[in-house]
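Working notes, structure below.
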Amino acid sequence: MSGGDRYRRLVRCESCFRQFDAGGLAPGERFRCVCGTVLLVPRMAAQEAPVVRCASCGAPRAAGAANCTFCHAPFALGEAARNTLCPVCASRLGDDQRYCHSCGTLIAPETIAGGPTEFTCPACKPARKLSSRKISESTATLTMLECASCGGVWLGLRTFESLQLRAKREVVAENLSRAPRRGRSSAAGAGQGASAAPVAYRPCPVCRKLMVRRNFAATSGTVIDVCGSDGLWFDAQELDSVLAWIRAGGLERSAVREAEENRESERRAAFSKQEMKEILAEEPPAGRWLDVLSTLVEFILNATRRGR
């Protein structure tokens, strides 16, 4: 490797300011921060910057001082160990520095950005290998797979269930009265004639069987790929849309709507059943046989819908 490619790249999330060691990823590849922000690995050229701050405590350097006034650490930098690039100014840093000696940024990478796996991205053509990432969820450590090319995310069923429960705990009462938020991959335009794009079914990264396309919770407006055995695939930003919809009370509103629809269906079924009994109990005039047949067909259709 040559130039900046031989250095350890640290990538900082500008939303939550976490840092990640992205040395295993190439410039231009992407990965997801634990806060959900999609981060891009930049192409950085190493900068030789003067020592104006202490690499140990971050304090400013007094003019001509050889040691830090505050922690007494020497300002001299060891050339052999300067293989890390500052995530803000790209200055060459010592691998053990706590602060950038040029801009003063705290150097505290939390984890490696991603490790290669044997699983392939279901969305990219040609297929790209997915990277494995650890994400924290209260007391548990979960794993997700992500594509550094398209920004898609694969979550196992238990992992997504944990994230979904956390999002439900973050719902506030005022959100329950708001209109549902539609996701960016809304299915509203589906079925608008011949111009609609054909549905492309993707293989599950784990079992390789084709996944089904579903509007999450039927009313979220975000269509995702689901493998009933292994997990769910979210294109870039879709996971953010689904979790935001849950935090806005979407699941609660969906449950209320489903309960109302079930009650209405049961009411109509009971009415049709009673009406059928009344019709069959009397001798219909010759001209009413068509009405009887129509009512019977409607009764059968309603019963079929309830059985699905």
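The values are calculated or read from the model by the stated rules, or taken from the named source; none is laboratory data. Every value quoted in this text rests on a predicted model; they were computed, and no experiment measured them. No Cβ is skipped: glycine too gets one built from the backbone with ideal geometry, and neighbour counts run over all protein chains shown. Only protein heavy atoms, including side chains, enter the accessible area calculation; ligands, DNA and RNA are left aside. Shrake-Rupley method; radii C 1.70, N 1.55, O 1.52, S 1.80 Å.
Can we say GLU118 is on the phi < 0 side of the Ramachandran plot, open to solvent by 20 Å² or more (accessible area, probe 1.4 Å) and modelled with pLDDT of 85 or more? Step through it out loud before you land on a result.
On the way: on the phi < 0 side of the Ramachandran plot: yes; open to solvent by 20 Å² or more (accessible area, probe 1.4 Å): yes; modelled with pLDDT of 85 or more: yes.
Considered against the rule, which asks whether it is on the phi < 0 side of the Ramachandran plot, open to solvent by 20 Å² or more (accessible area, probe 1.4 Å) and modelled with pLDDT of 85 or more, GLU118 comes out as yes.
I'd like to verify a number: residues in segment 219-242 that are surrounded by fewer than 21 Cβ atoms within 10 Å (Cβ to Cβ) and among the hydrophobic types (A, V, I, L, M, F, W, C), how many?
3
Quick one: which residue in ARG182, ARG214 is at pLDDT below 80, open to solvent by 90 Å² or more (accessible area, probe 1.4 Å) and of a type in the set (D, E, K, R)? Reasoning before the result, please.
Values: ARG214 fails: at pLDDT below 80.
Result: ARG182 is the single residue among ARG182, ARG214 that is at pLDDT below 80, open to solvent by 90 Å² or more (accessible area, probe 1.4 Å) and of a type in the set (D, E, K, R).
Against the definition (exposed (fewer than 13 other Cβ atoms within 10 Å of the Cβ) and in a loop (DSSP other than H, G, I, E, B)), how does ALA63 come out, yes or no?
On the way: exposed (fewer than 13 other Cβ atoms within 10 Å of the Cβ): yes; in a loop (DSSP other than H, G, I, E, B): yes.
Considered against the rule, which asks whether it is exposed (fewer than 13 other Cβ atoms within 10 Å of the Cβ) and in a loop (DSSP other than H, G, I, E, B), ALA63 comes out as yes.
For segment 150-171, which residues satisfy the criterion of being outside any helix (DSSP H, G or I) and touching a strand residue (DSSP E or B) at 6+ places or on another chain (Cβ under 7 Å)? Quick ask: steps written out before the conclusion?
Restricting attention to segment 150-171, the residues satisfying the condition of being outside any helix (DSSP H, G or I) are 150-156, 170-171.
Those that are outside any helix (DSSP H, G or I) and touching a strand residue (DSSP E or B) at 6+ places or on another chain (Cβ under 7 Å): GLY151, GLY152, VAL153, TRP154, LEU155, GLY156.
Would you pick out the residues in segment 243-293 that are farther than 30 Å from THR37 by Cβ, basic (Lys, Arg) and at pLDDT 80 or above?
Of everything in segment 243-293, those that are farther than 30 Å from THR37 by Cβ, basic (Lys, Arg) and at pLDDT 80 or above turn out to be ARG257, ARG263.
Checking GLU252 against (1) outside any helix (DSSP H, G or I); (2) open to solvent by 50 Å² or more (accessible area, probe 1.4 Å), only one condition comes out false. Which one?
Only one criterion in (1) outside any helix (DSSP H, G or I); (2) open to solvent by 50 Å² or more (accessible area, probe 1.4 Å) is unmet by GLU252, namely (1).
Hey, any hits in segment 262-271 for a residue that's over 18 Å from the mean Cα position of the chain (by Cα) and open to solvent by less than 40 Å² (accessible area, probe 1.4 Å)?
Going residue by residue through segment 262-271, those that are over 18 Å from the mean Cα position of the chain (by Cα) are 262-271.
Of the ones still in play, those that are also open to solvent by less than 40 Å² (accessible area, probe 1.4 Å) are 269.
For segment 262-271, residues over 18 Å from the mean Cα position of the chain (by Cα) and open to solvent by less than 40 Å² (accessible area, probe 1.4 Å): present.
Could we say that ALA236 is at pLDDT 90 or above, of a type in the set (Gly, Ala, Ser) and either closer than 24 Å to SER132 by Cβ or in contact with a Ser or Thr (Cβ under 8 Å, 6 or more places away or on another chain) (or both) here? Working first, answer last.
Working: at pLDDT 90 or above: no; of a type in the set (Gly, Ala, Ser): yes; either closer than 24 Å to SER132 by Cβ or in contact with a Ser or Thr (Cβ under 8 Å, 6 or more places away or on another chain) (or both): yes.
For ALA236, the condition - at pLDDT 90 or above, of a type in the set (Gly, Ala, Ser) and either closer than 24 Å to SER132 by Cβ or in contact with a Ser or Thr (Cβ under 8 Å, 6 or more places away or on another chain) (or both) - is not met.
Taking into account only those residues within segment 14-47 that are in a loop (DSSP other than H, G, I, E, B), modelled with pLDDT of 80 or more and crowded, with 19+ Cβ neighbours inside 10 Å, which is nearest to the chain's Cα centre (by Cα)?
GLU29
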